[in-house]
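Novice: Here's a structure for you.
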Amino acid sequence: MTALAAVVGTCSGMVGALGAARLNGTMQRRSQHEHWRRDGRRQAYAAFVEAAVDYGEAIGTVQYEGAPGDHPGVEMTDLCRRVVELRPATSKALALVLVEGPDDVARAAHEAVRAMTAWACATGVYPSGHPLTVSRSVQTVLRDGPTDADGLADVTWERIREFETRARTALDHPL
């Protein structure tokens with residue numbers, strides 16, 4: 001009887017130890033996955049902010065220098081080309097945020113890009129009739145807010161700050 005109790009005790013101890021090891025392994029995998037996801041989000045958010053600030057600063061430079069029609073010289077053409085060249089990097093960074101989420105952070109990033117694009121259109125980077133100037137996205141921004149370059153600049157930087165706030169909140173909370 002004592003031997004049987006010892007065997008049962010040993011088996012229960014082994015089952016308990018195996019169960020604890022499995023639970024520990026599952027929790028560790030989950031923790032590693034959450035860390036990996038948070039790191040991916042952090043990288044996506046940082047890339048977006050970097051691209052958005054570069055794009056916004058380029059648009060601001062065009063605005064500061066005056067409308068392209070006012071200064072048709074080579075320098076203004078180069079400034080406008082720089083804005084056009086930065087837009088794809090911003091769109092790619094936005095795509096990463098859209099994939100990484102969460103929804104409120106993705107929505108904030110999308111709103112920032114829409115505002116930047118409307119601002120670029122208002123500064124004359126994209127000529128009247130360009131697909132971006134007549135896009136529903138830009139028209140919605142213009143319909144719902146200011147239509148002048150100064151007002152759109154303010155809206156753009158507000159949208160970028162809103163994105164940053166939402167991104168920080170998302171990174172601070174568990175997935």
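Novice: With charges only on Cβ, +1 for K and R and -1 for D and E, what is the dipole size of segment 45-137 about its Cα centre, in debye, rounded to 20?
Specialist: The calculation lands at about 320 debye.
Novice: Turning to a different aspect of this structure: Taking 0.36 nm per residue of sequence separation and subtracting the Cα-Cα distance, how much length would be gained by fully extending the chain between Asp54 and Val84, in nm to one decimal?
Specialist: 9.6 nm is the gain from fully extending Asp54 to Val84.
Novice: Taking the Cα centre of segment 89-156 as origin, work out the dipole magnitude from +1 charges on Lys and Arg Cβ and -1 charges on Asp and Glu Cβ, in debye rounded to 20.
Specialist: 280 debye
Novice: Measure off 7 Å from each Cα along the Cα-to-Cβ vector at Arg107 and Gln139, then give the distance between these two points in nanometres to one decimal.
Specialist: About 2.3 nm separates the two model spin labels.
Novice: Mind giving me the nanometre distance, one decimal, between the label points for Arg168 and Thr61, set 7 Å out from Cα along Cα→Cβ?
Specialist: For Arg168 paired with Thr61, the spin-label model returns 2.8 nm.
Novice: For the pair Asp148 and Lys92, what calculated FRET efficiency results from E = 1/(1 + (r/R0)^6), where r is the Cβ-Cβ distance and R0 = 35 Å, to the nearest 0.05?
Specialist: 0.75
No lab work stands behind these numbers, since they all come straight from the coordinates. Just so you know, these numbers come straight off a predicted model, no measurement behind them. Cβ: placed from backbone, ideal geometry, glycine included. Neighbour counts: every protein chain shown.
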